[in-house]
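Undergrad: Okay, here's the structure, questions in a sec.
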Amino acid sequence: MLPRITTLLLVAAALLLTPFAGSAEDKDGWISLFNGKNLDGWKIGDAEQGKWKIENGNIVANGPRSHLYTIKEFKNFEFKAEVMTLPHSNSGIYFHTQYQEEGWPKAGFECQVNNTYHDPKKTASLYGVKDMLEPPASDDEWFEIYIKVDGRKVVTKVNGKTVIEWEQPADAKPGGNFERVLGEGTFALQGHDPGSTVLFRNLRVKRLP
């Protein structure tokens, strides 16, 4: 039997190597990003005005502009989250972005979350890059958003149905011929405005080679 101090050191080392406290890969390689209890592993941008809360195991966004960023970064991945929008609500899921103390994220891409808000770009659009103009989901119902980034290719799905397939041009570069460029970064959930209420649960990610 290992001495107690050795066992404690091994446990501590395992936690440090785990992307989110208390999370572990399942048999298929998926890692939970949210423990259902608090925002461990996340950091709030526009923290003074952000209105993030945990209710019944869900992350709830409602209030002035704010973004909730993962601390860990990801490059190639598959991502899944269950989402529910209340009527006339707007939100988004950013990827390959970077933490900002305030403002709309300047880096990365936004997977739109909007079924009935007045913005014509609807849920699972790759915002401003390749847009869906008809909502693939409904308000007041849970639906699954899926995002896959593999090299220069991005796929979004809703409830298993492909919405967007896009490949970044080979010559795209920051500040050049394309405003947003794939690379590596955090995820971020968007709190858009006080009139929008959006719920998130079962957020998971699987790293790809």
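Undergrad: On the given criteria, is Ala172 assigned to a loop (DSSP other than H, G, I, E, B) and buried (at least 17 other Cβ atoms within 10 Å of the Cβ)?
TA: The answer is no for Ala172.
Undergrad: Does at least one position in the stretch 139-149 carry a residue that is of a type in the set (Lys, Arg), more than 20 Å from Phe34 (Cβ to Cβ) and open to solvent by 50 Å² or more (accessible area, probe 1.4 Å)?
TA: So far as the stretch 139-149 goes, no, none of its residues is of a type in the set (Lys, Arg), more than 20 Å from Phe34 (Cβ to Cβ) and open to solvent by 50 Å² or more (accessible area, probe 1.4 Å).
Undergrad: For residues that are in contact (Cβ under 8 Å) with a residue 40 or more places away in the chain, part of a loop (DSSP other than H, G, I, E, B), open to solvent by 40 Å² or more (accessible area, probe 1.4 Å) and within 14 Å of His192 (Cβ to Cβ), tally how many sit in the stretch 39-86.
TA: 4
Undergrad: Here is a list: Leu208, Leu182, Leu199, Leu203. Which entry is open to solvent by less than 40 Å² (accessible area, probe 1.4 Å) and either over 21 Å from Val83 (Cα atoms) or charged (D, E, K, R) (or both)? So that I can check it myself, show each step before the final result.
TA: Numbers: Leu208 fails: open to solvent by less than 40 Å² (accessible area, probe 1.4 Å); Leu199 fails: either over 21 Å from Val83 (Cα atoms) or charged (D, E, K, R) (or both); Leu203 fails: either over 21 Å from Val83 (Cα atoms) or charged (D, E, K, R) (or both).
None of the other options fit; the residue is Leu182.
Undergrad: Moving on to the next point. Which of the numbered conditions does Pro194 fail, given that it passes all the others? Conditions: (1) in contact with a Gly (Cβ under 6 Å, 6 or more places away or on another chain); (2) assigned to a strand (DSSP E or B); (3) not polar (S, T, N, Q).
TA: (2)
Undergrad: Further question: Quick check on the stretch 136-150: of everything there that is under 20 Å from Asn58 (Cα atoms) and assigned to a loop (DSSP other than H, G, I, E, B), which residue is nearest to the chain's Cα centre (by Cα)?
TA: Trp142
The values are calculated or read from the model by the stated rules, or taken from the named source; none is laboratory data. Computed from a predicted model, the values in this text were never measured in an experiment. Heads up, the Cβs are rebuilt from the backbone with ideal geometry, glycines too, and the neighbour counts pull from every protein chain shown. In case anyone asks, the SASA skips ligands and DNA or RNA and just uses the protein heavy atoms, side chains included. Shrake-Rupley method; radii C 1.70, N 1.55, O 1.52, S 1.80 Å.
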